[in-house]
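Below is one structure; the comments refer to it alone.
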Amino acid sequence: DTAVSQTPKYLVTQMGNDKSIKCEQNLGHDTMYWYKQDSKKFLKIMFSYNNKELIINETVPNRFSPKSPDKAHLNLHINSLELGDSAVYFCASSSPHSSTNEKLFFGSGTQLSVL
Amino acid sequence: AQSVTQLGSHVSVSEGALVLLRCNYSSSVPPYLFWYVQYPNQGLQLLLKYTSAATLVKGINGFEAEFKKSETSFHLTKPSAHMSDAAEYFCAVSDGAGFQKLVFGTGTRLLVSP
């Protein structure tokens, strides 16, 4: 059973389109994240949600809108896609805050290519 | 602000040789430090982490890392490389306030030759 699953794995689209990436975790975690990994492998946090509430928004353009219908899901919707949005997007979730056993679990990524 | 610097975007070793991946950090508070591994077409997996307990941390797959405050370093080592160790390795730092503040380095690709 996949702990953090995201779909689709690959997404190829034209500039100006709107697309969504879905993420689900079956670990019972309260906190979920979206990370962006650029072509140089630099990985940076975009959003963090805790119990469906947004707690981090790292100066991401308004075209990106995360939605968390419940704490097991965190979807990412992107409007008016631009060439610079091409990257690998990783969903992640983490176990309880301040726990010494706290871990971050990643999905396998969605490679977005904007043409 | 916290940051990590990984020296060398690529490291090449022969199978059986020592693996050394370098990571230096900058933090204004006692840091939590992590090493993650990313295999092709997969997400990142935690190798090991330092959270202010023992300075020598042992992780999965025979990897270990030593926290050296005086050198602000957290280098990753493995005595003997296997072909299966070929992957991208990321060092990361946080201020301990959960993963919300986790900052990653730019990664080091480990290449292992027969």
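One table, with the values for the structure above:
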{"read-out": "Conditions (1) in contact with a helix residue (DSSP H, G or I) (Cβ under 8 Å, 6 or more places away or on another chain); (2) more than 12 Å from every other protein chain (Cβ to nearest Cβ); number of the one not met by B:Leu47", "value": "(2)"}
{"read-out": "Identity of the residue in region A:8-19, under 16 Å from the mean Cα position of the chain (by Cα) and surrounded by 15 or more Cβ atoms within 10 Å (Cβ to Cβ), that ends up nearest to the other protein chains (Cβ to nearest Cβ)", "value": "A:Leu11"}
{"read-out": "Counted residues, region A:79-114 - those being more than 7 Å from every other protein chain (Cβ to nearest Cβ) and modelled with pLDDT of 90 or more", "value": "19"}
{"read-out": "Filtered residue count, region B:1-23, keeping only those that are small (Gly, Ala, Ser) and outside any strand (DSSP E or B)", "value": "5"}
{"read-out": "Candidate set: region A:20-44, residues that are facing chain B (nearest Cβ under 10 Å) and aromatic (Phe, Trp, Tyr); chosen: the one surrounded by the most Cβ atoms within 10 Å (Cβ to Cβ)", "value": "A:Tyr33"}
{"read-out": "Strands (runs of 3 or more DSSP E) wholly inside region A:17-111 containing at least 1 residues that are touching a residue at least 40 places away in the same chain (Cβ under 8 Å)", "value": "A:19-25, A:31-37, A:43-50, A:73-78, A:87-94, A:104-106"}
{"read-out": "Region A:45-74, residues that are more than 28 Å from B:Gly105 (Cβ to Cβ) and either surrounded by fewer than 18 Cβ atoms within 10 Å (Cβ to Cβ) or among the basic types (Lys, Arg) (or both)", "value": "A:Asn51, A:Lys52, A:Glu53, A:Asn62, A:Ser65, A:Lys67, A:Pro69, A:Asp70, A:Lys71, A:Ala72, A:His73"}
{"read-out": "Region B:65-102, residues that are surrounded by fewer than 16 Cβ atoms within 10 Å (Cβ to Cβ), more than 11 Å from every other protein chain (Cβ to nearest Cβ) and hydrophobic (A, V, I, L, M, F, W, C)", "value": "B:Met83"}
{"read-out": "Yes/no for B:Gly105 being within 14 Å of another protein chain (Cβ to nearest Cβ), touching a strand residue (DSSP E or B) at 6+ places or on another chain (Cβ under 8 Å), surrounded by 21 or more Cβ atoms within 10 Å (Cβ to Cβ) and on the phi < 0 side of the Ramachandran plot", "value": "yes"}
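The values are calculated or read from the model by the stated rules, or taken from the named source; none is laboratory data. Source: prediction; values computed, not measured. Here Cβ is always computed from backbone atoms with ideal geometry, including for glycine, and neighbour counts include all displayed protein chains.
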